[in-house]
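The next block holds one structure in the form of structure tokens; read it before the comments.
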Amino acid sequence: MPSALITGVTGQDGAYLAEWLLEQGYTVHGMVRRASTENFERINHLRDRIALHQADLLDQLSLVRLVEATQPDEVYNLAAQSFVPTSFDQPLLTGDFTALGVTRVLEAIRTVNRKIRFYQASSSEMFGKVQEEPQTEKTSFWPRSPYGVAKVYGYWITVNYRESYDIFAANGILFNHESPRRGKEFVTRKITDAVARIKLGVQQQLRLGNLAAKRDWGFAGDYVRAMWLMLQHHEPDDYVVATNEDHTVQEFVELAFEHVDLDWQKYVVVDPAFYRPAEVHTLRGDATKAREVLGWQVEVSFPELVRMMVDADLKSIERELRNQRDA
Ligand code: NAP
Ligand code: GDD
């Protein structure tokens, strides 16, 4: 039975990837960091099927011990400080987690067993001020946030360990991917959560920043399959994973409100507090290489994704309100 170690297993992608690997017959180990209260909502349903281990991207020895104890065939490095606005407020911590953290995981692999296959969660945020449209594996990077800069470091250190030590190390350059498990500070989930609350009468307004920003949004469940496919290929490489469609934040808003028969203009307020010091105005990825080499393709469309997220939030807030009434 193959085995895999996932850093960031408590995050959106970690939960989908753990499910996918279990379905493929893997033994799954998840790395979690210590917190005063457990933060396992996304993986509670998997708790009896995956093994959780404490370690931290900031602590090199904890990573070496973890790789030694679990002896995985594959390591998926999904852990990171992943929220762009926080990276402007905490640039040093972001660099330590999101950039140097990658080297620490690679060093653990180099120390324990160089045969372990490694996946790095690289990001379209690296393209930042885009140099061409759509972006491919060959497009040069111009990151626009400390998070993007840290991801560029993570990308290149992954390439460097592949070239220097012959480690099977692959970068997935993933464009934005969303789901009902997305953190509520990211724009898509902020919108769908608000739409559900407004529909159910428990919120009056939705305050957003730049409505003109364009993103290439896909479904996280589709994207974790691409991560796995990269590590099954006979040679390590770097791949863009995207839908090749872009939509503005406003289009997302319009579709989400339309799905519950509300007029978005009555509820949405533009608040400059959500503008960023430097914005990534547009992203659109060309995943031809992932499709042709790995056989990967998108299954959930943009409108399906929006509706899936609104429906899930409606259900979850109805449950929350029922529990409050019954308490
Ligand atoms: P997420 O929901 O924010 O999850 C991040 C995970 O990293 C959480 O499990 C978090 O643990 C963990 N983590 C953070 N700092 C850590 C530390 N010092 N030690 C150990 N664990 C730590 O992110 P996601 O959306 O699943 O994304 C997964 C990865 O893909 C990230 O690296 C992200 O930057 C990258 N990425 C995401 C997208 C996207 O659109 N979602 C696109 C491209 C790349 P806690 O639960 O304890 O906070
Ligand atoms: N978060 C947020 N909140 N974003 C807003 C808001 C708001 O109220 N209003 C407008 N936006 C705009 C942002 O300015 C940005 O242009 C866009 O919505 C998307 O923002 P996020 O959902 O926060 O995602 P992101 O694109 O900055 O970063 C995500 O995608 C990256 C891949 O490109 C994260 O998941 C990163 O971890 C990931 O690497």
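Odds and ends about this structure:
- The label point for Leu200 and the one for Leu58, both projected 7 Å from the Cα toward the Cβ, are 3.5 nm apart.
- Summarising the amide proton neighbourhood of Lys214: residues at separation of 5 or more, or on other chains, whose placed amide H is nearer than 5 Å comprise Thr282, Leu283.
- Shape metrics for the stretch 25-96, restricted to C-alpha atoms - Rg then Dmax, Å: 13.9, 41
- The Kirkwood hydrodynamic radius of the stretch 266-327, based on inverse pair distances between different Cα atoms, is 16.4 Å.
- Relative contact order for the chain, counting Cα pairs under 8 Å that sit 6 or more residues apart, in percent: 17 percent
- 0 to 90° range, to nearest 10: angle between helix 220-232 axis and the chain longest Cα axis: 10 degrees
- Rolling a 1.4 Å probe over the protein chains gives His281 an accessible area of about 110 Å².
- Once backbone amide H atoms are built at 1.01 Å from N, Ile173 has Tyr239, Val240, Val241 as its partners under 5 Å, excluding neighbours fewer than 5 places away on the same chain.
- Nearest-ten-degree value, helix 101-112 long axis tilted from longest Cα axis of the chain: 30 degrees
- Most mobile of Tyr153, Tyr275, Tyr223 in a GNM of the chain (Cα contacts under 10 Å): Tyr275
- Count Lys and Arg as plus one, Asp and Glu as minus one, and take only other residues whose Cβ is under 15 Å from that of Thr158; the net charge is then -2.
- Restraint check, Lys184/Lys289; Lys199/Lys266; Lys151/Lys289; Lys129/Lys266, Cα-Cα greater than 23 Å: Lys184/Lys289; Lys129/Lys266
- P(r) weight above 38 Å for the chain, C-alpha pairs, percent: 13 percent
- Neighbour net charge for Thr136 - beta-carbon separation under 11 angstrom, K R +1, D E -1: -2
- Under Karplus coefficients 6.51, -1.76 and 1.60, residue-wise ³J(HN,Hα) of the stretch 258-264 in Hz, glycine/proline x: 4, 4, 10, 6, 10, 8, 4
- Beta bridges by DSSP in the chain, antiparallel share as percent, to the nearest 5: 5 percent
- Share of carbon and sulfur in the accessible heavy-atom surface of the chain [1.4 Å probe, %]: 47 percent
- Nitroxide proxy distance, nm - points 7 Å out along Cα→Cβ at Phe88 and Thr288: 3.5 nm
- At full extension, Arg34 and His233 could sit 68.2 nm farther apart than now, given 0.36 nm per residue minus the alpha carbon distance.
- Projected-area average for the stretch 92-237 over all orientations - Cα convex hull basis, square nanometres: 10.7 nm²
- Between Glu107 and Val269, the distance separating the two model label sites (each 7 Å from Cα on the Cα→Cβ line) works out to 4.8 nm.
- Per-peptide packing, taken as the mean over residues of other Cβ atoms within 10 Å, places 27-39, 191-203 in the sequence 191-203, 27-39 from highest down.
- Net charge in the neighbourhood of His259 (other residues with Cβ under 9 Å of its Cβ; Lys, Arg +1, Asp, Glu -1) is -2.
- For the stretch 313-321, the Karplus equation 6.51 cos²θ - 1.76 cosθ + 1.60, evaluated at θ = phi - 60°, returns couplings of 5, 4, 4, 6, 6, 4, 4, 4, 5 Hz by residue, with Gly and Pro reported as x.
The values are calculated or read from the model by the stated rules, or taken from the named source; none is laboratory data. All figures in this text were calculated on a predicted structure; none of them were measured in a lab. Note that we place each Cβ from the backbone using ideal geometry, even for glycine, and neighbour counts take in every protein chain shown. For accessibility, only protein heavy atoms count, side chains too; no ligands or nucleic acids. Shrake-Rupley method; radii C 1.70, N 1.55, O 1.52, S 1.80 Å.
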